[in-house]
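Single-structure report; data block below.
The values are calculated or read from the model by the stated rules, or taken from the named source; none is laboratory data. Only a predicted model underlies this, so the values are computations on that prediction, with no experimental measurement involved. Methodologically, a virtual Cβ is constructed for each residue, glycine included, from the backbone with ideal geometry; neighbour enumeration extends over all protein chains shown.
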Amino acid sequence: MSSNQCVEECPEFYYAETDDNTCLACASTCASCEGTGSSDCLSCFDGYFHEFPPVGACVTECMTGLYGNSLTGICELCWEDCGECVETIVDGVSSAECNICSGDLLLDEDNNCVAYCAVGTYAVSEPSAACIDCEYPCEECTSEFVCTLCLEDAGFLLDGSCIDPCSDGYYADEETRTCEACHGECVTCYGPENSQCDSCEIGARYLEEYYCVESCDPGYYANDVYATCTACNAACLTCDEATSSGCTECKSGYYS
């Protein structure tokens, strides 16, 4: 104190230094103290939080791993596994809500710290490790743009995308909701077997009874426009078009 008065108790914002029986001023952030340092506070002014009471610093923001309890004015510990947290007040009770997890843990949509993301979410590392909801058309995913399962109304999975219909060379598997590869002989198909072709490569093979063949059976002719084997007229044994005038050989009982 600047005066030379002798008092029984030091005034507000001072503490009693017993070594030389003097009243010394607290740090400017302390409402009361037991020393002159900024970490010697016993209580804090409004708008400050008390770190590590009963003796600690008075701060406007608590250090990492702590959050400011606005009801008590104390810096409280974040809960286990949480690296950084903020205050949330529910029904008049202050508690911690995690916003960054510690170690390799991920923050899920419920603000819990988890080792793995739940189905329907995917892991990101920036701006902090967290689990993010998959977006339409994904039901499950590994990133924002890579689906591993499509929503029922979003088509069929092919190479991480949801499409409908499936691309040429693939058919829609309704059970797995994926586009699966056709047999190598088919351009389009409705299943994986070589007997389940819907179309063939034009100029190379012809579609006959859902097979892709190099040449058509007797009773059919090769339609090069559509890459199909088209049935001859009923009077023809062999033909080069579907009309009766297109016969190249007649069936028994018919004459050319």
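What to note about this one:
- Qualifying residue in region 236-244 (condition: in contact (Cβ under 8 Å) with a residue 12 or more places away in the chain, in contact with a Pro (Cβ under 9 Å, 6 or more places away or on another chain) and crowded, with 17+ Cβ neighbours inside 10 Å): yes
- Elements of the type strands (runs of 3 or more DSSP E) sitting completely within region 216-256 and holding at least 1 residues that are among the acidic types (Asp, Glu): these cover 247-250.
Conditions tested, residue by residue: (1) in the same structural domain as Asp46 (by TED's automatic domain parsing); (2) touching a His at 6+ places or on another chain (Cβ under 8 Å); (3) of a type in the set (A, V, I, L, M, F, W, C); (4) closer than 30 Å to Ala181 by Cα.
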| site | (1), (2), (3), (4) |
| --- | --- |
| Thr72 | no, no, no, no |
| Glu109 | no, no, no, no |
| Val119 | no, no, yes, yes |
| Glu144 | no, no, no, yes |
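- Per the listing Gly65, Gly73, the residue uniquely of a type in the set (Gly, Ala, Ser) and over 30 Å from Tyr116 (Cα atoms) is Gly73.
- Qualifying position, being out of contact with any Phe, Trp or Tyr (no Cβ under 9 Å at 6 or more places or on another chain) and either surrounded by fewer than 14 Cβ atoms within 10 Å (Cβ to Cβ) or modelled with pLDDT of 95 or more (or both), among Gly219, Gly160, Gly191, Gly184: Gly184
- Condition met for Tyr48 (in contact (Cβ under 8 Å) with a residue 24 or more places away in the chain, crowded, with 17+ Cβ neighbours inside 10 Å and on the phi < 0 side of the Ramachandran plot): yes
- Failed item, numbered, when Ser128 is tested on (1) more than 25 Å from the chain's Cα centre (by Cα); (2) surrounded by fewer than 18 Cβ atoms within 10 Å (Cβ to Cβ): (1)
- Only residues that are in contact (Cβ under 8 Å) with a residue 24 or more places away in the chain, outside any strand (DSSP E or B) and touching a Ser or Thr at 6+ places or on another chain (Cβ under 8 Å) were counted in region 52-97, giving 3.
- Criterion violated by Asp40 - all others in (1) charged (D, E, K, R); (2) at pLDDT below 95; (3) touching a Gly at 6+ places or on another chain (Cβ under 9 Å) satisfied: (2)
- Glu87 under 30 Å from Ala181 (Cα atoms) and either of a type in the set (D, E, K, R) or at pLDDT 95 or above (or both): no
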